[in-house]
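The values are calculated or read from the model by the stated rules, or taken from the named source; none is laboratory data. These figures come from a predicted structure and were not determined experimentally. Cβ placement follows ideal geometry from the backbone for every residue including glycine, while neighbour counts extend to all protein chains displayed.
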Amino acid sequence: MIYHYTATFNNDTFKYHGEIDMLHYVRKENTEKNKDYIITECKKQFIRDCERWGVDAKAVSSFECYYYDIERLSEYRSVSNEVQLMKWQK
């Protein structure tokens, strides 16, 4: 399962995006049970990504974690809904 996060920073107009692949650890069915673990792992990856992006993690003004619940309608069509795990804003 892939979990996403986005963040904004003080005095920056960009929205930064990252993701973690927890396919071997967490499945959609047990996301709620592992919610705290998933959020913690997203935050850890966020810190590493801040170094890569060249931004100060302490300047974060918003942060959210989410995943996509994908429903297959047919062989060639699907619908995805964003399911938010947490949202924080200064």
In this structure, is Glu71 assigned to a strand (DSSP E or B), over 14 Å from Tyr3 (Cβ atoms) and acidic (Asp, Glu)?
yes
Within the range 24-65, how many residues turn out to be among the polar types (S, T, N, Q), in contact (Cβ under 8 Å) with a residue 40 or more places away in the chain and within 21 Å of Thr8 (Cβ to Cβ)?
3
Can you name the residue in the range 1-17 that is farther than 15 Å from Lys87 by Cα and not polar (S, T, N, Q) and is also surrounded by the most Cβ atoms within 10 Å (Cβ to Cβ) among such residues?
Met1
So, in the range 74-87, exactly how many residues are assigned to a loop (DSSP other than H, G, I, E, B) and either in contact with a His (Cβ under 6 Å, 6 or more places away or on another chain) or among the charged types (D, E, K, R) (or both)?
2
Taking the range 28-55, which residues are farther than 14 Å from Leu85 by Cα and assigned to a loop (DSSP other than H, G, I, E, B)?
Gly54, Val55
Selected residue (criterion: surrounded by the most Cβ atoms within 10 Å (Cβ to Cβ)) from residues of the range 50-71 that are touching a His at 6+ places or on another chain (Cβ under 9 Å) and at pLDDT 95 or above:
Cys65
Just one of the numbered conditions (1) over 19 Å from Gln89 (Cα atoms); (2) surrounded by 10 or more Cβ atoms within 10 Å (Cβ to Cβ) is not true of Thr40; which one?
(1)
Within the range 7-44, how many residues are under 15 Å from Tyr68 (Cβ atoms) and hydroxyl-bearing (Ser, Thr, Tyr)?
1
